[in-house]
1. Kindly report the accessible area of region 237-386 per residue (heavy atoms of protein chains, probe 1.4 Å, no ligands, DNA or RNA), in Å².
2. Using modelled backbone amide H atoms (1.01 Å from N, in-plane), which distant-in-sequence or interchain residues come within less than 5 Å of G95's amide H?
3. In degrees between 0 and 90, to the nearest 10, how far off the longest principal axis of the chain does helix 374-383 point, with axes built from Cα atoms?
4. When the gyration tensor of region 1-124 is built from Cα positions, what are the square roots of 5 times its three eigenvalues, in whole Å, from largest to smallest?
5. Keeping the other protein chains in place, figure out the carbon and sulfur percent of the accessible area of the chain, with a 1.4 Å probe.
6. Please give, to one decimal in nm, the separation of the simple spin-label points placed at R32 and I2, each 7 Å out from Cα toward the Cβ.
7. With 28 Å as the limit, write out which pairs from K104/K206; K206/K321; K206/K339; K206/K386; K159/K386 have Cα-Cα distances beyond it, or answer none.
8. For region 62-130, what is the accessible area per residue in Å² when the probe is 1.4 Å?
Amino acid sequence: MIAGMSIPSILRAGGGCFAQASEVLLRLKCRRPLIVTDPFMMKSQLVHALVAQMEGAELACAIFHETVPDPTTAVIDTGVRMFQSGGHDSLVSLGGGSPIDTAKAIGMLAANGGRPRDYKVPNPIPKAGPPHIAIPTTAGTGSEVTRFAVISDSETQEKMLIAGSSLMPSAAVVDYELTMTMPRRLTADTGTDSLTHAIEAYVSRKANPFTDTLALSAMKTIWAELPTAFRRPEDRAAREGMMMAATLAGIAFSNASVALVHGMSRPIGLFFHVPHGLSNAMLLPAVTRFSAGAAQGRYADCARTMGVAAQEDSDSVAVNKLVEGLFRRNEELEVPSPKSFGIPEGRYMEVIPIMTAQALASGSPQNNPRIPSAAEIAQLYREIWK
Ligand SMILES: [Fe+2]
């Protein structure tokens, strides 16, 4: 196997690096950036600070602030029109995974035309888009360092995975100070998303030695720091650790892919508007239990690295401790089941066949150590209902 890694050509990480965003734009020879963000961020000081920074660097920017959670094709179309009519030459996304994915899709359509569904996996993206500087404010989806975007089709209601090296942002500016005000629930959900990225990248059939190193480092930090960031949001060390680990986990899964948890999580998010990290959390313990037998050594490595198992534990003991630890962690982070989240049971059971088909079509389950049948995926959806 030939191992490879791709990352943004410029990567800045650390407290205070947000102040370098305009310098990064100038370095990429950008003059007319379109800032892509959401209504919530618009109310924060951050957007104003970014605009002031750009004006200070004589960059002519405009703001597209209509992005929504689970970016839709309709919103992206509006963004493309604004990008083109404003004569913009670059994109700056500011926010969680949704604004970053929206900017990726705007750039892709500005360069290639067509509709997002034309490029859904496994279709290629022929041309690279304009430079894109991603500034995450959560820790995190890792989208600032990935070659993926997840877009909801406004017409077919499908949550589409789009993948290609041209979706990789040109630059990522990763400043943990931007995450200090993240609410508790968002901290838990985006943090568990990162943990899922790290574990799935490590057990993925596409893992390589580069991604292994990053994934193990990320899961160790996330396991240790997430409860602190959840309980004590003002803890700078925990926030810093989480931000760095989320980016490492993002690089790992961008190059090794995610697996069954993500494949099954996207349809839950689409049908029931469960935040992405939360639907991952609902699935992670049960899917790990289902998958572990097919890669016991890999899952045992995770357990030992995270410190839930002792070095001298056998692989099977370590894997059991991992599964127990994941269930326990969900209780600690107050993760609901689909039932306690408030999803109507009849509707959930009714759409299991569609969710199963969409999970399989995403390609992610095929990277799983144990490749599931449709019946096994459906059974897992029923198992987590509770
Ligand atoms: Fe994710």
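1. For region 237-386, the solvent-accessible area averages 36 Å² per residue.
2. I135, T137
3. On a 0 to 90 degree scale, this one is about 80.
4. 23, 19, 15
5. Of the solvent-accessible surface of the chain, carbon and sulfur hold 55 percent.
6. In this crude label model, R32 to I2 measures out at 3.9 nm.
7. Values: K104/K206 24 Å; K206/K321 25 Å; K206/K339 34 Å; K206/K386 32 Å; K159/K386 25 Å.
Table pairs above 28 Å Cα-Cα are K206/K339; K206/K386.
8. 38
The values are calculated or read from the model by the stated rules, or taken from the named source; none is laboratory data. These numbers come from a predicted model, not from an experiment. FYI the Cβ positions are ideal-geometry reconstructions off the backbone, even for glycines, and counts take in every protein chain you see. Calculation scope for accessible area: heavy atoms of the full protein, side chains included, ligands and nucleic acids excluded. Shrake-Rupley method; radii C 1.70, N 1.55, O 1.52, S 1.80 Å.
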